Structures are given as C-alpha cells and as structure tokens.
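The block underneath contains the structure these notes are about, expressed in structure tokens.
The values are calculated or read from the model by the stated rules, or taken from the named source; none is laboratory data. Here the structure is a predicted model, which is why all the values come from computation and not from measurement. Counting neighbours? That spans all protein chains shown, and the Cβs are built from the backbone with ideal geometry, glycine included.
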Amino acid sequence: MPKNAAPASAPSSVAERAARLRAEINEHNYRYHVLDAPIISDAEFDALLNELREIESRYPELITPDSPTQRVGAPAAEGFAKVRHPQPILSLGNAFDAAGVRAWRERLGKYAEQNLGSLEALGSLDDYVVEPKIDGLTVVLTYENGVFVQGATRGDGLVGEDITANLRTVKSVPLALRKTDVATFPARLSVRGEAFMTIADFERLNEAQLAAGERTFANPRNAAAGALRQLDPSLTAKRPLRLLCYAIVDFVPAEGDGLAPRTQWHTLAYLRKLGFPVTDMARRFDDLEAAIAYCVSYVERRDDLPFEIDGMVIKLNDLTLSQRLGYVGKDPRGAIAFKFPAREATTLLKDVNVTIGRTGNIVPNAVLEPVHVGGITITSATLHNYDDIARKDIRIGDRVIVKRAGDVIPYVAGPLISARTGHERVITPPTECPYCGTSLVRREGEVALYCPNADCPGRLDRAISHFVGSGAMDIEGLGEKIVAQLIEAGLIADVADLYALKKEDLLGLEKFAERKAQKLLEAIEASKRQPLTRLIVGLGIRHVGEMAARALAERFGSLDALIEAASASPETLQDIEGVGPVIAESVSQWARRDSTRALVEKLKRAGVNPKQEVRSMTARAEGPFAGRVFVITGTLSQPREAIAAWIEAQGGKVTDSVSRNTAYLVVGDAPGASKINKARQLGVPMIGEEELKRLGSANQS
C-alpha cells in the first residue's frame, strides 16, 4: 500500500469474523472473570484476542466500543456492591518468546521517537524491572490515612466488586500500614496486587475437600477466585489465601507531604516498607537481553516455585515515561508479559481405548495414570493414529511424556525408553470396528483406520455434537451430555430431528425445567440463520474443513447447487482453489448418497436452507502473505483454526489440500502422511510453526 493511502475496506467475511471473535471473547471474559469457570486455556484466549487485534489494526473501522480490545475483563457479578476504580486496572500485551520482547522494545523506541521527542527529561527506555506473573486474582486495596477501607476485584477494569469483608480475612492483607521511616501516610492510597494460593496450600485444601465429601478445585487460581467471591466472609477465612502487591493505582498525599514513587523499583521498596507483601523475585536490569535471559531462566525453574506463575512481566522502570507512552487498546505500552510455553509431565500409559470420529475414523486414546499438567488433572490423551504410535514406539506400560498443545489439548509426545522394565506391551491396531463389527479399512495415502459403515452407531453422537458445535451451527446449551440424552430417549436419529424438538419432549428429560427447555429451543431456532459455510462444516463431509467449506459455499451458493454439481462429476469441483482430488471425490460420494439427499430435504422442510453469495474467487486481503496459499497438518501450539485465522489476517489463504498452488505446508506434531507425501511430490516447501511466524515477521519488515 502506498504511504498515506487510505486503508482498504474490510471484506464482509473479515467483518463477520471480527463480530464472531468479539462475541466469543466477551463470553470467555465473562466465564473467566465473573463465573470463575473458564472453558479455554489462557493460550487459546490469547490467540483469539491477538487475532481480533490484528483484524482491527488492519481495518480500524471494525473497532467497536464494546470490543474486548478496548476494555479489560468483564462486568462485576451480581450480589456484590460495585466499586469504581480511581484509575483503569489494565492488563498486559503478551510476548511468547525473546523475539516478541525485542519486537515490543523496537515498537517502543519508534513510538517514543515519533511522539515524545527527546527522552532525556523523561528517563530511559533501557531500564527495566522484571517480576513474576502470578496466576491468581487481581485485587485493588484502598487505604485512607494508613487504614484499610476497601478491597475490590478488577471487574471490567473500570468497575469491580466490593470484597472488603472477604479481603479482611486474608492474613497477608495489612489492615493498617506499618509505621517505619515513612514520615506520613498518604491521605488515600490504592494498591494493586494478586491474591493466590500456594501449591502446597491448594493440595491440602483439596485433600480436606475430599475428606469432607465436597468437590475439589481444578487449580489454585480458581480456588483463590472462588474463595474471594464468597458472599459469606467466614467461608473465605477458611481458605489459605495469600497476597503479593506490585503497583500503586492511586496516591493522594497528606497535606504538604511528598509524592508517590516515580519508578517501579522504588514502588516495590515503598510498598514493602508500608507492610505490603512484595515478591523477592523482582530484578532490575539496564540491558534488555539480560532481562529476557532472567525470564527464560524461570521457564525451567517455575516448578520449583511455591506458587503457579504463567510467565514473567518486563516493565519500564520509569513510571513517568510509561505514562507518557500511553496505551494500545487496553494494554500499556510500557510493559509486556513474557508468557511461558505449554506444560508437560510424565506418567504411566495404562491402556489404550478406541473411539470413532464423526466420519468413521478410528482414534486411539491413551488411558493414563492421573497427572497434573498446567492446572488440570489429565487422565486421557490422544495418540493421534496407529502410524504415529508405531513411529514413536509407544507401548502399554510405558512411562510417557504428556503435553498440552496450546495449553489445552493433551497428547502423548513419546515414551521414555530408558524407563522400560521389559513388561511393556506393543500396541496392535484393531481390525474390526468396536461399535458395529465392520472390518476396518485404510484408504490409500491416509494414516487413519476407517469404519466404512455410514450407519455405524458409534458415529451418531459425534456427528450431532459436531453439527451443533461452535465451529458449525453453534447451538448454545446443546453439549455432548444433552446430545446423548436426546439419542437415548429416541428423540433424534439425525441432525434434522433437532429442528422438530418440542418443549414437551425436553421437559421429559432429566434436569430439564421450563426455562432451560425454552432457551435450548430458541438456540436451535437461531441456528437456522447460520451461513452456508457453517452448515457445510456441520454436515461433517469427510476431509471438508472450514476452508474447503467456505470455498464450496462461495462457489455454489446453496446445498442444492453443490449437490447437483458434485453428483455430476468430482472433476467439477477441482477447479476451486483449495479443493483437490481427495476432497472432490469425498464431496461427490457424499452428494450421491440417497441418505444425503433425504437429510438435506428434511433440513429444508425444517427451515434450514441458507444461501451464500456466489463468488468466482475468494477476495484477497492485503498483507505479507497476500497471494500465498497455505495448508496445515498436524498438531500445533494453538488450535488449527487460530493458526489459519492468523495466516488469513496476514493476507494469505488456508486450504485443506496440497496442490501446485500451495506456497507452504505448515507441519505440526503427528502430521498426515498424505499431505507430507503430496508436498514432497509437488516440491511444496514444508515449514514449522516458528518458521511460519518468522516468515510473517520478515515479510512485514
């Protein structure tokens, strides 16, 4: 784009994606900050938020007042009085490696040079304080003339919840400030800190919960948050909560007295003098590389700490300079969080069980001795496929390494060969479907075993769960357990039956009251307005993911047109970018089935028949990947959809099949053999996730 040229208008697909991201992130904010019941990991949340930031950066007209990039957290919960903070309680931008921190410093320098002029009077950009990023609950403590008068949660960053009575029960919270060499207490002082539990205290709490027959907590952060948000302070008093403080939010000096500390290093010392608990892990550096090295040192050392941390924070020491640098959205420019990578642990592989996917693929899963990894207890994990098991020589009885891809998806990375005793058993692939007894097949060029029985009972619950999932028709409130209830009650035999459900059908099910039944029916009705791409994804056509579904929807505009074209000849589909011979043949087979036509007619009668604008080719966004086609295979550090969205935000396109038009095949853990072989055959370059990120950064510089 020429310098000073107006930015391109956002394509409708990008605007729709931004709207979906806003809704999804706001929902996750509510679950995390209000309900204390997150359903995704921090890494997944970061990926969604970063994707939205990138879209809004490229298309500023898409920024809305309610965008989560413009605010912090979620609204205060009902049941607590509201507290307006004296200053916004902001979060931090994230860096996931040393390169990300260096990029942050480079942005700071450019911004300061362009907007602040000379820095001599303001302080140095090369004076840093590094502190731990504790995984707890942010609180704001307010004192008047040295006496604790109010405590609040962060809430949405502007308004929090009044939890004064609960915080009074936390022994590390000073009820009155200490009289040391501080001449006079400020008339008003608000301090930001993090409430948390040590790992040892958390484990003792869970043991006590078990002994009392009560539910246990998933991780220390949730336990701490739940404790502070009890309406009965006596319940909070029974929880072993602690506090570390690190920032001054508001400082009103006593009449004629001094000012607040002007550096972060002096702030920590000042808070410590007043009696606040302050970390002893904080260090000051005048060299960025030394600060980064200190952060990196805790990646391996964090398991030795008494509490959970999910990273380190690098802050400019000069607070006046930080204030002058301002903010990007809700993130202050003067600090960055160095987030730690996915966690891993070792445990015993006790057995292997088999599940069947919605398209008939056989999935081996590890049955594990329970192991705590990154805040959750893992008892099962994916083994990907039997080729991957053989390649890694994983055996029953092995001590195995368990990792969480993107800090959420558990998988077995490999065995510890040196720990073998000789009693381990080789894992043998099954020959028959465990659900219907049909002989399993392996299609040419594929790694997965496959049950060819389209009516296999093992598929139904997964097919319906896939149809109603967030990546497809997104029917809120219709989870796997309710799907199983509906099937067991004989109320649904295919996805179209969902649209024939009546309130009296649901009221006959366990745990269904009037309001719950009505909300579910409303969600089912609302799903009729989903676009054609979502419906194609939901129908679960073998090999057809979101990218291929979008291409098919944009080319044909309706299910009827797609079925007519695909039934005539699979070659008709192969001129669509991203639809290769494997996808084309799969869609053609699906379109020719009588059961497919019957299901589509049934959906149409129920009012599910979306149309989509027909395009001859997908519009290209501008960016460093403009005009390049990517294919992704294997498990990456984030969900595949997040990686694909990032590529598309850079102007690229992601498809499901490798062709001569493919610029790069992005390879993760346990990649598909067919895509690898096709890339080798066509000479398509294969890169890892880190190389992909470097490629995007290099193209932007």
Matching residues in segment 581-629 - criterion: being among the β-branched types (V, I, T) and at pLDDT 85 or above: I583, V587, T596, V600, V608, V629
Checking I356 against (1) over 21 Å from K133 (Cβ atoms); (2) out of contact with any Phe, Trp or Tyr (no Cβ under 8 Å at 6 or more places or on another chain); (3) among the β-branched types (V, I, T), the condition it does not meet: (2)
Enumeration of residues in segment 83-112 that are touching a Ser or Thr at 6+ places or on another chain (Cβ under 9 Å), of a type outside the set (G, A, S) and within 25 Å of Y298 (Cα to Cα): F96
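For every residue, the table says whether it meets (1) acidic (D, E); (2) modelled with pLDDT of 90 or more.
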| site | (1), (2) |
| --- | --- |
| E113 | yes, no |
| L119 | no, no |
| P132 | no, yes |
| A152 | no, yes |
| I163 | no, no |
| L167 | no, no |
| K171 | no, no |
| F185 | no, no |
Test: residue in segment 351-359 that is exposed (fewer than 15 other Cβ atoms within 10 Å of the Cβ), among the charged types (D, E, K, R), touching a residue at least 40 places away in the same chain (Cβ under 8 Å) and more than 30 Å from V587 (Cβ to Cβ): yes
Answer residue from segment 187-210, given it is touching a Ser or Thr at 6+ places or on another chain (Cβ under 8 Å) and modelled with pLDDT under 85 and is surrounded by the most Cβ atoms within 10 Å (Cβ to Cβ) among those: N206
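Every residue in segment 271-304 that is closer than 21 Å to V173 by Cα and without any contact (Cβ under 8 Å) to a residue 40 or more places away in the chain, please.
Step one: filter segment 271-304 for residues closer than 21 Å to V173 by Cα, giving 271-282.
The answer is R272, V278, D280.
With the structure loaded, tell me whether N145 is among the polar types (S, T, N, Q), over 19 Å from L228 (Cβ atoms), assigned by TED's automatic domain parsing to the domain that holds R302 and at pLDDT below 85 or whether it fails that test. Full working, then the answer.
On the way: among the polar types (S, T, N, Q): yes; over 19 Å from L228 (Cβ atoms): yes; assigned by TED's automatic domain parsing to the domain that holds R302: yes; at pLDDT below 85: no.
No, not satisfied.
Here is a list: V140, V101. Which entry is within 30 Å of D286 (Cα to Cα), modelled with pLDDT of 85 or more and in a helix (DSSP H, G or I)?
Values: V140 fails: in a helix (DSSP H, G or I).
Of the residues listed, the single one that is within 30 Å of D286 (Cα to Cα), modelled with pLDDT of 85 or more and in a helix (DSSP H, G or I) is V101.
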Some residue of segment 313-320 being surrounded by fewer than 20 Cβ atoms within 10 Å (Cβ to Cβ), of a type in the set (S, T, N, Q) and within 30 Å of G397 (Cα to Cα): no
Residue match in segment 541-559 (condition: farther than 19 Å from V654 by Cβ, over 27 Å from the mean Cα position of the chain (by Cα) and not hydrophobic (A, V, I, L, M, F, W, C)): yes
Among residues of segment 644-701, those that are part of a helix (DSSP H, G or I), closer than 18 Å to G623 by Cα and not aliphatic (A, V, I, L, M), counted: 9
Qualifying helices (runs of 4 or more DSSP H) (wholly inside segment 439-555; at least 3 residues being modelled with pLDDT under 90 and hydrophobic (A, V, I, L, M, F, W, C)): 457-468, 480-488
Segment 220-241 - residue that is outside any helix (DSSP H, G or I) and touching a residue at least 12 places away in the same chain (Cβ under 8 Å) and, of those, nearest to A200 (Cα to Cα): P240
Any hit, segment 412-432, residues being closer than 29 Å to E369 by Cβ and within 23 Å of the chain's Cα centre (by Cα): yes
Only listed residue being of a type in the set (F, W, Y), outside the structural domain of E54 (by TED's automatic domain parsing) and within 27 Å of the chain's Cα centre (by Cα), chosen from Y270, Y294: Y294
Cβ pairs under 6 Å, 6+ apart, first in segment 90-105 and more than 13 Å from M312 (Cβ to Cβ), second assigned to a helix (DSSP H, G or I): R105/L288
